[in-house]
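For reference, the structure is listed below as structure tokens.
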Amino acid sequence: MFVATSNLGSGPKPLKIFLVAGEHSGDALGAKLIGALKKQHSGPIDFSGVGGEEMAEQGFRSLFPIEDVAVMGPLSILPKLPRIMRRVYQTVDAAVAFAPDLVVIIDSPEFTHPIAKRIRKRAPNIPIVDYVSPSVWAWRPGRAKKMRPYVDHVLALLPFEPEAHARLGGPACTYVGHPLIEKLDEIQNADATSLASRLGIAQDRPVLLVLPGSRTSEVERLIDVFGEAVARVSSAKGPIEVVIPAVRHLRDRIAEKTSAWTPKPHIVDTDDKYAAMRLARAALAASGTVTLELALAGTPTVVAYKVDAIMSNLRFLLKVPSVVLANLVIGKNVYPEYLQEACTAENLANAIEPLLGDTDARSAQLHGLSLAPEKLRLAASSPSDAAAQVVLQVVLSVVAD
């Protein structure tokens with residue numbers, strides 16, 4: 001781990017850092033990074049770039065609304081490509097004009113990497129740090145080596161990523177920890193009893209948590225098959241309760257799509273998500289970061305996912321034994337996963353049913369999940385503090401040169 005002992009703030013000249021976040025998860029990382037940099041650096045810092053509401057709360061002023069570029073997947077990007085490219089060029093022009101001591105691109109490689117390449121071409125002396133590694137370990141591993149000309153350092157959220165970049169010839173890479181570990185106490189101490197009381201759920205009723213995704217496309221692809229699976233489980237296991245935490249912009253759609261479900265689900269706000277994880281006997285979830293949250297909560301889970309036709313045809317490029325982040329972090333396939341054609345109501349129901357009882361399948365999952373916190377925990381400091389240390393060390397190394 002790098003330790004920054006910066007004296008850059010001893011003079012009147014502020015440290016200048018240009019940040020580029022392309023979606024809301026990156027905005028959250030950027031906000032915490034700004035806070036950690038302010039805490040660690042002894043002098044003033046000027047920030048500029050692209051971010052969202054959480055970065056704005058840190059006093060950051062974005063060049064334009066992050067919603068202009070916050071899209072995912074080829075089919076989502078294509079209709080908005082002209083606007084996204086305009087924003088790319090606008091961001092590059094602004095970065096070069098700002099003349100920062102360092103650029104940090106945060107996740108969203110479809111948006112941030114074209115910016116980094118163009119900044120490197122126009123201003124080759126500005127160091128560039130990539131916060132959140134692209135999943136080069138999963139598919140298109142050649143991207144790691146291709147990043148080296150325009151990325152000087154990668155800040156990895158997952159513990160196995162530095163080794164992957166070293167093996168694939170990628171940039172220097174430091175594991176700084178996953179931000180979820182900062183929420184471990186919140187997750188594990190969430191008040192499940194209060195939530196059950198508020199929803200009127202009896203203690204003897206097993207609760208199935210359903211998490212169909214946080215993006216419209218995910219919900220549309222998964223919600224119907226999830227509903228069929230829930231009906232099968234309810235029929236086989238007797239009365240159960242179903243809870244669905246819904247992000248604000250999808251709550252009405254989820255309510256509409258689940259109005260005929262048997263049993264009818266309790267739809268709650270995302271503020272109740274961790275309490276729902278602790279309350280649930282088992283979960284059915286879309287693949288994504290939520291599987292790490294479920295692992296930290298110790299919730300037995302079945303994972304499913306469907307992608308669009310373009311991405312489905314690229315499955316042969318996958319280079320990992322699982323697409324589930326929790327499985328990759330733990331180091332074994334604790335959570336069963338059902339993708340594309342395997343994502344059927346029958347398969348999902350058959351996998352969920354044993355998790356609701358006292359079975360070997362449930363015990364095996366619980367044992368595997370107990371490993372998750374230590375796999376994500378840093379020896380010292382928080383992920384945002386560790387990330388700030390590396391950022392400042394990269395700036396210092398440029399000054400030293």
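The values are calculated or read from the model by the stated rules, or taken from the named source; none is laboratory data. Values in this document were obtained by computation on a predicted structure and should not be read as measured data. Cβ coordinates were reconstructed from backbone atoms using ideal geometry, including for glycine residues, and neighbour counts include every protein chain displayed. Remember, those area values only see protein heavy atoms, side chains included, never the ligands or the DNA or RNA. Shrake-Rupley method; radii C 1.70, N 1.55, O 1.52, S 1.80 Å.
One table, with the values for the structure above:
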| item | result |
| --- | --- |
| Residue that is modelled with the highest pLDDT [pool: residues in the range 370-386 that are over 15 Å from residue 329 (Cβ atoms) and not in a helix (DSSP H, G or I)] | 382 |
| Check on residue 152, closer than 23 Å to residue 102 by Cβ and in contact (Cβ under 8 Å) with a residue 60 or more places away in the chain | yes |
| Single residue of the range 166-225 satisfying the filter (of a type in the set (Val, Ile, Thr), farther than 29 Å from residue 107 by Cα and open to solvent by less than 50 Å² (accessible area, probe 1.4 Å)) that is farthest from the chain's Cα centre (by Cα) | 201 |
| Cross-chain or 6+ apart pairs with Cβ under 9 Å, the range 295-324 first and modelled with pLDDT of 70 or more, then assigned to a loop (DSSP other than H, G, I, E, B) and open to solvent by 60 Å² or more (accessible area, probe 1.4 Å) | 295/371; 298/370; 299/281; 300/281; 322/332; 322/333; 324/333 |
| Residue 11 open to solvent by less than 60 Å² (accessible area, probe 1.4 Å), touching an Asp or Glu at 6+ places or on another chain (Cβ under 6 Å) and at pLDDT below 95 | no |
| Residues located in the range 31-61, provided they are part of a strand (DSSP E or B) and surrounded by fewer than 23 Cβ atoms within 10 Å (Cβ to Cβ) | 45, 46, 48 |
| Residue in the range 346-369 that is under 30 Å from residue 16 (Cα atoms), in a helix (DSSP H, G or I), modelled with pLDDT of 90 or more and over 23 Å from the mean Cα position of the chain (by Cα) present | no |
| Filter pass, residue 123 being in contact (Cβ under 8 Å) with a residue 60 or more places away in the chain, surrounded by fewer than 23 Cβ atoms within 10 Å (Cβ to Cβ) and small (Gly, Ala, Ser) | no |
| Single condition residue 267 does not satisfy, out of (1) in a helix (DSSP H, G or I); (2) at pLDDT 95 or above | (1) |
| All positions within the range 240-268 that are crowded, with 20+ Cβ neighbours inside 10 Å and touching a Gly at 6+ places or on another chain (Cβ under 6 Å) | none |
